[in-house]
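For reference, the structure discussed in these notes is given below.
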Amino acid sequence: MPKKILNGKVIKDKNNKTIIVLVKRKYSHSFFNKVLTSSKKYHAHDEKNKYKVGDNVKIIEAKPFSKRKKWEVINK
């Protein structure tokens, strides 16, 4: 099974080697036919502390780095 890749925006970079990425997605409601937006935060591993708040990044599923960190940054 292929690993998921998500696009998002860095909203927090205070922790060492960790960034928090906000991923937004739009979908159509099946009954009301309106476009809805949902968002979710992911903790991602950033080995070199390279990414700062406001950067758009791609994250990929990875082995667990810690309790909440199961994603890794692949590039901008």
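List, please: which pairs have Cβ atoms under 7 Å, are six or more places apart or on different chains, and start with a residue in the range 53-68 that is over 19 Å from Lys3 (Cβ atoms) and end with one that is open to solvent by less than 40 Å² (accessible area, probe 1.4 Å)?
Val53/Val10; Gly54/Val10; Asp55/Val10
Has the range 60-67 got at least one residue that is open to solvent by 100 Å² or more (accessible area, probe 1.4 Å), of a type in the set (S, T, N, Q) and assigned to a loop (DSSP other than H, G, I, E, B)?
Checked the range 60-67: no residue is open to solvent by 100 Å² or more (accessible area, probe 1.4 Å), of a type in the set (S, T, N, Q) and assigned to a loop (DSSP other than H, G, I, E, B).
Just to verify a result, which residue in the range 12-36, among those that are assigned to a strand (DSSP E or B) and surrounded by fewer than 13 Cβ atoms within 10 Å (Cβ to Cβ), is nearest to the chain's Cα centre (by Cα)?
Ranking the candidates gives Lys24 first.
Kindly establish whether Lys40 is within 15 Å of the chain's Cα centre (by Cα) and within 25 Å of Met1 (Cβ to Cβ).
Spelling it out, Lys40 is indeed within 15 Å of the chain's Cα centre (by Cα) and within 25 Å of Met1 (Cβ to Cβ).
Consider Val35 carefully, then state whether it is touching a residue at least 12 places away in the same chain (Cβ under 8 Å), on the phi < 0 side of the Ramachandran plot and not basic (Lys, Arg).
The answer is no for Val35.
Only residues that are open to solvent by 40 Å² or more (accessible area, probe 1.4 Å) and either part of a loop (DSSP other than H, G, I, E, B) or more than 13 Å from Asp13 (Cα to Cα) (or both): list them for the range 42-53, please.
The answer is Glu47, Lys48, Asn49, Lys50, Lys52, Val53.
The values are calculated or read from the model by the stated rules, or taken from the named source; none is laboratory data. Remember, predicted model here, so these are calculated numbers, not experimental data. Positions of Cβ are generated from backbone atoms using ideal geometry, with glycine treated the same way; all protein chains shown enter the neighbour counts. With ligands, DNA and RNA removed, areas are computed over all heavy atoms of the protein, side chains included. Shrake-Rupley method; radii C 1.70, N 1.55, O 1.52, S 1.80 Å.
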